Amino acid sequence: MEKDYVKAIRYTTRILDAWLPWKIQYDRIPGLTVGIVYNGELVYQKGFGYADVESNIPITPKTCFRIASISKTFTSVSIMQLVEQGKINLDDRVQKYLPWFKAQTEDCDSSNITIRQVLSHTAGLFRDGAPHWENDKFPDLAELKKSISNKSFVFENLTRFKYSNFGFALLGEVIKQTSGLDYGDYVNKNIIGKLGMKRTAPDYNKENEDWLAKGYSRPIPNKEREAYHHCATKAYASAGGFISNVPDLAKHLAALSLRRKGANALVSKESKKEMLREYWSTGEENESYGLGFDIYKIEKRKIVGHGGGFAGFITQISLDVENDIGVIVLTNTNDSTCDLINTGIFEMIYKFADEESKYGEGKNIPGQDKFEGAYRARWEDMIIVGIDTNLIAFESKTNSPIKDGTLLKPKEEYKFLMEAKSNRSWPGEFATFIFERGEKQAAEVLFATVPFKRLED
């Protein structure tokens, strides 16, 4: 039977609206923005928290973030465009285009390193070679060339997965040599411009500074978060320099679709299949890497995408290529559960689609909003959201409301049977809502005998 993803996404967005304003407070992060893409359309976009805490400037979907290693997906698309044009072959040696890429160890000769190996992080190259992620002093081309030595080769090529920002910096130079355009000019013309991405740039500069949220440090004991200054990534733009926002990244994900015939504006379906197939296990559980894309599974669906980490930012974009569902989560701190929130959103969509009959028959509980809201007890805070004929209760701090939540099924006017996931919780017992005289919303809910008091928004 065809899954009703439209309804599943609608249920999910109800939970997001209730959950994320509290979630960012429990995680103590400045803010985040979320987008959901379905069949190429941005069907949900919303910002939560602050782009500038000190000035109380709220995050909106148009707020831009440093998307860091998500930049690699743009570089991969660029390479595949040049392959389609016959200017590059994936199995060409990097040295063919960059003669200065010369070094040799007992196990590895740079002349054997191919573009495909660099794209799939199987070239054995070191990750960075300099502490620019710590001091913000990213190399220009001259400095990139100077960083090449025998130390650049950590493992023999094609022996294991070895993530390398340095390798993607090399690919930026390959794109320049084969296209005749600087990397930034190339992606502006052939990706950003083609997709109409109005607030995306391959690197930071003074012209796009006003687009950007402030990026904040991780929490440190006895120290407040600090805002980092923005910096250019220069030769590393192709590895991690991009800035973007939800509406633009939605266009990027839509262009990666394998389902829609109109989604091949950038590269062909065959090129996308090549980028999005598993090349090598990353060593993380159930995760592989393609050509510039992470590949993993959520609820038995294949997901492709990439995460990014920059000073002050953690970001994640993901796409279910079979069902054409994309999720974007962007945060402005380098200490967030961004990837887990992204996964939690997919888990909600899939559970609602897979177990549709469990959550109701399309009819809301009369006066549903009188039960909804946030409630507090000694041990935890709960958020309650109405989904058709039922309610769902989940902890405010959870990363997955649907997997960790409790289904409340109506039995009497103010009484609901609890279907808890954990047998250590309240399965088979009742949640009872209590109203004060004249009030339109419940003041309290008893989970069995445990009282939870309503919190103000």
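Values quoted throughout were computed directly from the atomic coordinates according to the rules given, and no laboratory measurement underlies them. Every value quoted in this text rests on a predicted model; they were computed, and no experiment measured them. Positions of Cβ are generated from backbone atoms using ideal geometry, with glycine treated the same way; all protein chains shown enter the neighbour counts.
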> By count of other Cβ within 10 Å, fewest leading, how are F371, F155, F242 ordered?
Replying inline: F155, F371, F242
>> Rounded to the nearest 20 debye, what is the charge dipole size of the stretch 1-144 about its Cα centre when +1 sits on each Lys and Arg Cβ and -1 on each Asp and Glu Cβ?
In response: 520
> So how tilted is helix 5-26 from the main axis of the chain? Cα-based, degrees 0 to 90, rounded to 10.
Replying inline: 90
> Along the charge dipole of the chain, Cβ charges K/R +1 and D/E -1, which of S71, L256, C231 sits furthest on the positive end?
Replying inline: L256
> For the stretch 360-454, rounded, prolate or oblate, judged on the Cα gyration tensor with a ≥ b ≥ c (square roots of eigenvalues), a/c < 1.5 rounded, else prolate if a/b > b/c?
Replying inline: rounded
> Taking amide hydrogens as modeled 1.01 Å from N in the peptide plane, which residues meet the under 5 Å criterion relative to A51, leaving out close sequence neighbours?
Replying inline: I57, I59
> Ordered by packing density, taken as the mean number of other Cβ atoms within 10 Å over each peptide's residues, highest first, how do 420-426, 221-227 rank?
Replying inline: 420-426, 221-227
> Do you know the relative contact order of the stretch 360-454, to the nearest whole percent, from alpha carbon pairs under 8 angstrom that are 6+ apart?
Replying inline: 21
> Any idea what the dipole of the chain comes to, in debye rounded to 20, about its Cα centre with Lys/Arg Cβ at +1 and Asp/Glu Cβ at -1?
Replying inline: 560
>> Per residue of the stretch 115-124, what does 6.51 cos²θ - 1.76 cosθ + 1.60 with θ = phi - 60° give for ³J(HN,Hα)? Whole Hz please, x for Gly and Pro, Karplus curve as stated.
In response: 4, 4, 5, 5, 4, 9, 6, 10, 8, x
> Using θ = phi - 60° and the Karplus form 6.51 cos²θ - 1.76 cosθ + 1.60, what ³J(HN,Hα) does each residue of the stretch 269-280 get, whole Hz, x for Gly and Pro?
Replying inline: 4, 4, 5, 5, 4, 5, 5, 9, 9, 5, 9, 7
>> Using a Förster radius of 45 Å, what is the FRET efficiency between R437 and T60 based on their Cβ-Cβ separation? Nearest 0.05, please.
In response: 0.65
> D109's amide H: which non-local residues (gap 5+, or another chain) put their own amide H closer than 5 Å, with H modeled 1.01 Å from N in plane and none for Pro or chain starts?
Replying inline: none
> Relative contact order, percent, of the chain when contacts are C-alpha pairs under 8 Å separated by at least 6 residues?
Replying inline: 17
> Just in the stretch 366-421: which GluC sites (Glu not before Pro) are loop by DSSP and have at most 10 other Cβ atoms within 10 Å?
Replying inline: E413
> What FRET efficiency would be calculated for the residue pair K409, K269, taking the C-beta separation as r and a Förster radius of 41 Å, to the nearest 0.05?
Replying inline: 0.40
> With no solvent and one point on each alpha carbon, what is the Debye value of log10 I(q)/I(0) for the chain at q = 0.12 Å⁻¹?
Replying inline: -1.01
>> Apply the Karplus curve 6.51 cos²θ - 1.76 cosθ + 1.60, θ = phi - 60°, to the phi angles in the stretch 408-414 and return the couplings in whole Hz, x for Gly and Pro.
In response: 10, 9, x, 10, 9, 4, 10
>> Calculate the FRET efficiency for D107 and E284 from the Cβ-Cβ distance with a Förster distance of 30 Å, rounded to the nearest 0.05.
In response: 0.75
